[in-house]
Amino acid sequence: MSDLRTNPFQNRPRFLAAQPRLIRLYVFHCIIGFALSGVFTGLILWSNTANIGHLVAHVEGGWLAAFVFFVLNGIVFAGVQTGIAIMSLGKDDDQSGGGRRDAIPADGGLQRAVVRVTSQRQR
């Protein structure tokens with residue numbers, strides 16, 4: 001694994017390069033999420049979906065609505081991006097499946113159990 005892949009903030013900013021690896025991962029993927037939010041907001045405004053582009057351009061304070069739209073979508077996209085990145089950390093492509101199935105022996109780990117049945121009391 002190259003050092004650039006494990007530390008995208010190797011040269012600058014220095015305060016991020018000194019942070020633990022998990023913090024760097026979180027900040028990096030939040031930046032990606034907010035970049036996706038910017039693209040998404042731009043596409044919504046450009047395509048004038050639901051006449052939002054017209055409202056932002058022609059209503060007083062429309063820029064504030066666009067900013068709130070960008071920030072709220074940024075929070076969602078950053079959360080999803082970070083979640084995907086964290087869930088894929090432990091994934092090893094060489095192993096199939098996972099969970100407790102790998103811990104069960106080939107014979108199933110089953111043992112015979114003797115059950116004694118006694119007759120029920122007569123009513």
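The values are calculated or read from the model by the stated rules, or taken from the named source; none is laboratory data. In this text the structure is predicted, and so the values were computed from the model without any measurement. Cβ coordinates were reconstructed from backbone atoms using ideal geometry, including for glycine residues, and neighbour counts include every protein chain displayed.
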Report task. Could you tell me whether Gly61 is surrounded by fewer than 17 Cβ atoms within 10 Å (Cβ to Cβ), among the small types (Gly, Ala, Ser) and at positive phi? Result -> yes
Query - Matching option when the condition is within 20 Å of the chain's Cα centre (by Cα) and either without any contact (Cβ under 8 Å) to a residue 60 or more places away in the chain or under 30 Å from Leu16 (Cβ atoms) (or both), among Leu45, Leu72 - result: Leu72
Report task. Tell me which residues, restricted to region 73-123, are at pLDDT below 65, among the β-branched types (Val, Ile, Thr) and closer than 22 Å to Leu25 by Cβ. Result -> none
Query raised in the report: Filtering region 10-44 down to residues that are assigned to a helix (DSSP H, G or I) and either in contact with a Leu (Cβ under 7 Å, 6 or more places away or on another chain) or polar (S, T, N, Q) (or both), which residue is farthest from Phe69 (Cα to Cα)?
Result: Arg24
Report task. Could you tell me whether region 46-61 includes any residue that is under 27 Å from Pro13 (Cα atoms) and either at pLDDT 95 or above or in contact with an Asp or Glu (Cβ under 6 Å, 6 or more places away or on another chain) (or both)? Result -> no
